[in-house]
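The values are calculated or read from the model by the stated rules, or taken from the named source; none is laboratory data. Note that this is a predicted model, so its numbers are computed, not measured. Every residue, glycine as well, gets a Cβ built from its backbone with ideal geometry; the counts of neighbours run over all protein chains shown. Protein only, heavy atoms only, side chains kept; ligands, DNA and RNA dropped before computing areas. Shrake-Rupley method; radii C 1.70, N 1.55, O 1.52, S 1.80 Å.
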Amino acid sequence: MFLKNSNPTKTISWQKLTNHFHNIQNDTIKEYYKDPNRKSDFSLQLNDLSVDFSKNRINKETVQLLVELAKEVGLKEAIESQFSGEIINVTENRAVLHTALRSNSDEPILVDEKNIKPQIQASLKKIKSFSSKVITGKWKGYSGKSITDIVNIGIGGSDLGPDMIVESLKFYKNQLNTHFVSNIDGDHVSEIIKKLNPETTLFVIVSKTFTTQETLSNAETIKNWFLKSATIFDIPKHFVAVSTNLQAVDNFGISIENVFTMWDWVGGRFSLWSAVGLSISLSVGFENYKALLDGAEEMDIHFRNEDFDKNIPVVLALISIWYNNFYNAETEAVLPYSQYLSKLPAYLQQAIMESNGKGVDRNGEKIEYQTGTIVWGSTGTNMQHAFMQLVHQGTKLIPADFIGFKESLYGLTDHHKKLMANLYGQMDALAFGKTAEEVHLELKFSGKEDKIATLLPFKVFEGNRPSNLLLFDKLTPESLGKLVALYEHKIFTQGILWNIYSYDQFGVELGKELANKFLKNQ
Ligand code: F6P
């Protein structure tokens, strides 16, 4: 079965949505909130995750029409095509099966007529046994000492995912120090090397293609540095690789036992669930790594089976399309209220923008409507003292996802109450704003009546600025897995609706080519 291939703006549901938009575009969230059931009617639950999407410029009809659109463009069939391993990455002639990496079911998934589940299990087993040897100190470096430091050498999907997860799960980490080298900027690798002892450091070179300039250059520099104090015979104790390109890994000097394979049916930006996640397993232990995968699988099952109007990734994807294509919102903010999630926005930038930043549709034709949103963000409360001014009072409409946790990890309840109060305060301020009358009264009763004439317009918050709340009980490997999988499925859903191919990234090629040309001419 092929993905349906239709211009969404030419569908019946799009026409209905356009009419509907004209009818409700000036409705306010404040008005919607007069309905006592607003919150419960526009909330969804998946075990420890609740999603409140009541502070959006949508009503029940909006959701119903967006769901109709999803049905009309064949989303259900597309989801099945993805999960069952059809070649939905048509331009690269590949299946898209990161979901298979976290599947605990026995259902076979065929790629080239071969069930891939046994390879996945074997890879997990290898990750488990290797991580355990390193963590327990059984794996020794060339001078007989145990490993103290892990260096992940990779870029893009071979860096951002593991780096974000290791940072997010810092609470669960063991004694190993984990570092990430990515940039071709030699100062990056130099700063990392400065902290390392070659006798006790393990290098994990992660590159799906093993051709990436940054990764190979950093790996060479590190190998040369290592060989200043060790010999080539010591390399197997200190260098392992994650790649699909076994020949190139061999050429680099890494022996086959030290290679963790991955497969071309896993896209780089969706690869943290494969052996690309090795540094996660080393950093937090295999049990926690597996729990991350299990959390993601829970979201996969929900996404695959739930009706669209109760399907969390689908609903969030549709709401985002509503703003992108009808309100012409250009960007979306991701605002986690957890310092642990400080790297989530950068991770999502690659996942979302490399996937859906496409201007040609599945027919190969130039697209005349808006596709991929620009994603950005930072952690609360820090960002409240930085860019939130623009989100509250600027001229742009910026829908935002607030991500929170009911419990903190260290149990400083006083801090946590303040943190969450800030989250709710921001969402309410965005949605409901502050009217001129309210400002007037406020100035009057605070003894600043003389300032009313000059200050009033500047202190008004027009409100009606949309946001979602993604609230988990606690930041655990499972909840993090669920969160990341949620965004992956949102990306997929939007790609299907926009009629684009989300799983190639030809847009990164030209710059690489030209950089090589400049390099040759230097
Ligand atoms: O340049 C983009 C890209 O191809 C990403 O899609 C990918 O995650 C990254 O480069 C790294 O690629 P590799 O894992 O092959 O080194």
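Structural remarks
- E107 assigned to a loop (DSSP other than H, G, I, E, B) and farther than 22 Å from S13 by Cα: yes
- Counted residues, segment 301-327 - those being of a type outside the set (F, W, Y) and over 20 Å from F21 (Cα atoms): 10
- Identity of the residue in segment 182-192, touching a strand residue (DSSP E or B) at 6+ places or on another chain (Cβ under 9 Å) and within 16 Å of the ligand (Cβ to nearest atom), that ends up most open to solvent (accessible area, probe 1.4 Å): H188
- Remark: pairs (first residue in segment 70-89, farther than 23 Å from L17 by Cα; second residue open to solvent by 10 Å² or more (accessible area, probe 1.4 Å) and of a type in the set (F, W, Y); Cβ separation under 6 Å; 6+ apart in sequence or on different chains) = N89/Y503.
- Failed condition for D414, given (1) over 15 Å from L430 (Cβ atoms); (2) out of contact with any helix residue (DSSP H, G or I) (no Cβ under 8 Å at 6 or more places or on another chain); (3) assigned to a loop (DSSP other than H, G, I, E, B); (4) of a type outside the set (A, V, I, L, M): (3)
- Being open to solvent by less than 10 Å² (accessible area, probe 1.4 Å) and more than 30 Å from S378 (Cα to Cα) is a property that holds for T201.
Yes/no per residue for (1) exposed (fewer than 12 other Cβ atoms within 10 Å of the Cβ); (2) within 16 Å of the ligand (Cβ to nearest atom):
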{"site": "A429", "(1), (2)": "no, no"}
{"site": "T454", "(1), (2)": "yes, no"}
{"site": "E478", "(1), (2)": "no, no"}
{"site": "T493", "(1), (2)": "no, no"}
{"site": "N516", "(1), (2)": "yes, yes"}
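- Residues satisfying the stated conditions in segment 472-484, i.e. within 13 Å of the chain's Cα centre (by Cα) and within 16 Å of Q45 (Cβ to Cβ): K482, L483
- Taken together, the criteria exclude P118 from residues that are touching a strand residue (DSSP E or B) at 6+ places or on another chain (Cβ under 6 Å) and open to solvent by 10 Å² or more (accessible area, probe 1.4 Å).
- Leading residue by the ranking (nearest to the ligand (Cβ to nearest atom)) among those in segment 252-301 that are assigned to a helix (DSSP H, G or I) and β-branched (V, I, T): V276
- Residues that are open to solvent by 30 Å² or more (accessible area, probe 1.4 Å) and within 21 Å of P399 (Cβ to Cβ) do not occur anywhere in segment 291-307.
- The residue of segment 193-220 that is farthest from the ligand (Cβ to nearest atom), among those that are under 17 Å from V240 (Cβ atoms) and assigned to a helix (DSSP H, G or I), is E199.
- Answer from Q350, Q370 - the residue that is surrounded by 19 or more Cβ atoms within 10 Å (Cβ to Cβ) and assigned by TED's automatic domain parsing to the domain that holds D504: Q350
- Counting only helices (runs of 4 or more DSSP H) that sit completely within segment 1-81, those holding 3 or more residues that are surrounded by 16 or more Cβ atoms within 10 Å (Cβ to Cβ) correspond to 12-24, 60-72.
- Cβ pairs under 6 Å, 6+ apart, first in segment 433-458 and under 18 Å from Q389 (Cα atoms), second open to solvent by 70 Å² or more (accessible area, probe 1.4 Å): G433/E462; V439/K459
- Condition met for E86 (of a type in the set (D, E) and not in a loop (DSSP other than H, G, I, E, B)): no
- Checked against the criteria, N177 counts as more than 16 Å from the ligand (Cβ to nearest atom) and either farther than 24 Å from L293 by Cβ or open to solvent by 50 Å² or more (accessible area, probe 1.4 Å) (or both).
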